[in-house]
Amino acid sequence: METSQVGALFKVVEKYFPDLTQDQRQQFLQMLPIYLDWNQKINVISRKDIDHFYERHVLHSLSIAKVVDFAPGSRLVDVGTGGGFPGIPLAILFPEVEFLLIDSVGKKVRVVEDIVRQIGLSNVQVQQIRAEELRQKFDFVLSRAVARIDTLWQWTAHLIAKKSKHNMPNGLLCLKGGNLIEEFENFPHFFKFYDLSLYFSEEFFQTKKLVYVHA
């Protein structure tokens, strides 16, 4: 893909995040060619989504930053990171925040490790491990469409540190789509929905939500 094409696709991110530094912009622009290269070897991102890479993967990941401005020194874990979302875009946006990206699938971990290395993210660690096996503490747990909320909470509640650095108490931030009423109707913990269509005008975000869960 030509550099000019990548730049044109990236404009959807710049529209909502106009204050990126030159280094951040360069890291974001580097992402798509690397994912395209990996996609020729293994299916990291669905073929139908690759033309909407910056909208459906990068901007979707960055939507979390519209709700929480992570404080320098915060520690975040991206559970079931898959191809590195939402962790990698957020790590670019918040270079003073520490990220751990975990997945149980080895080939996904190797892809993410390579992408992190190629774009030069020094604030990211990648590990092949299940969330249930992790024993560290974090300010926030991040997730994108990994599991139903009751299962996800069961896997991750023990990872959330008690002491908070933010106005929003520490918790789980998960990106979800569709009708969530049935999924959450018997969920016993405090949660809040953030409708992403309030932040982004693209049709993709009409049914997308960020869910915050606090114990």
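The values are calculated or read from the model by the stated rules, or taken from the named source; none is laboratory data. No experiment lies behind these values; they were computed from the predicted model shown. Positions of Cβ are generated from backbone atoms using ideal geometry, with glycine treated the same way; all protein chains shown enter the neighbour counts.
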### Task
Take the stretch 9-18 and flag every residue that is surrounded by 16 or more Cβ atoms within 10 Å (Cβ to Cβ) and in a helix (DSSP H, G or I).
9, 10, 12, 13
### Query
Which residues, taken from the stretch 82-109, are at pLDDT 95 or above, β-branched (Val, Ile, Thr) and assigned to a loop (DSSP other than H, G, I, E, B)?
97
### Task
May I ask you to verify whether residue 77 is at pLDDT 95 or above and closer than 27 Å to residue 164 by Cβ?
yes
### Message
Please pick out the residue among 80, 87, 73 that is loosely packed, with under 14 Cβ neighbours inside 10 Å and in contact with a strand residue (DSSP E or B) (Cβ under 8 Å, 6 or more places away or on another chain).
### Response
73
### Query
Residues in the stretch 117-159 that are touching a helix residue (DSSP H, G or I) at 6+ places or on another chain (Cβ under 7 Å), β-branched (Val, Ile, Thr) and closer than 14 Å to residue 81 by Cβ: how many?
5
### Query
Does any residue in the stretch 44-63 that is closer than 17 Å to residue 24 by Cβ and without any contact (Cβ under 8 Å) to a residue 40 or more places away in the chain come within less than 6 Å, Cβ to Cβ, of a residue that is buried (at least 17 other Cβ atoms within 10 Å of the Cβ) and among the hydrophobic types (A, V, I, L, M, F, W, C) six or more places away or on a different chain, and which pairs are these?
57/85
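Results for (1) hydrophobic (A, V, I, L, M, F, W, C); (2) at pLDDT 95 or above; (3) assigned to a helix (DSSP H, G or I); (4) on the phi < 0 side of the Ramachandran plot, shown as yes or no for each residue.
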{"position": "7", "(1), (2), (3), (4)": "no, no, yes, yes"}
{"position": "20", "(1), (2), (3), (4)": "yes, yes, no, yes"}
{"position": "43", "(1), (2), (3), (4)": "no, no, no, yes"}
{"position": "46", "(1), (2), (3), (4)": "no, no, no, yes"}
{"position": "51", "(1), (2), (3), (4)": "no, no, yes, yes"}
{"position": "64", "(1), (2), (3), (4)": "yes, yes, yes, yes"}
{"position": "69", "(1), (2), (3), (4)": "no, yes, no, yes"}
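Okay, residues lined up against (1) farther than 13 Å from residue 27 by Cα; (2) touching a residue at least 40 places away in the same chain (Cβ under 8 Å); (3) exposed (fewer than 15 other Cβ atoms within 10 Å of the Cβ):
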site: 92; (1), (2), (3): no, yes, no
site: 99; (1), (2), (3): yes, no, no
site: 103; (1), (2), (3): yes, no, no
site: 106; (1), (2), (3): yes, no, yes
site: 119; (1), (2), (3): no, yes, no
### Message
Within the stretch 151-173, take every residue that is touching a Phe, Trp or Tyr at 6+ places or on another chain (Cβ under 8 Å) and farther than 12 Å from residue 79 by Cα and give me the one that is surrounded by the most Cβ atoms within 10 Å (Cβ to Cβ).
### Response
171
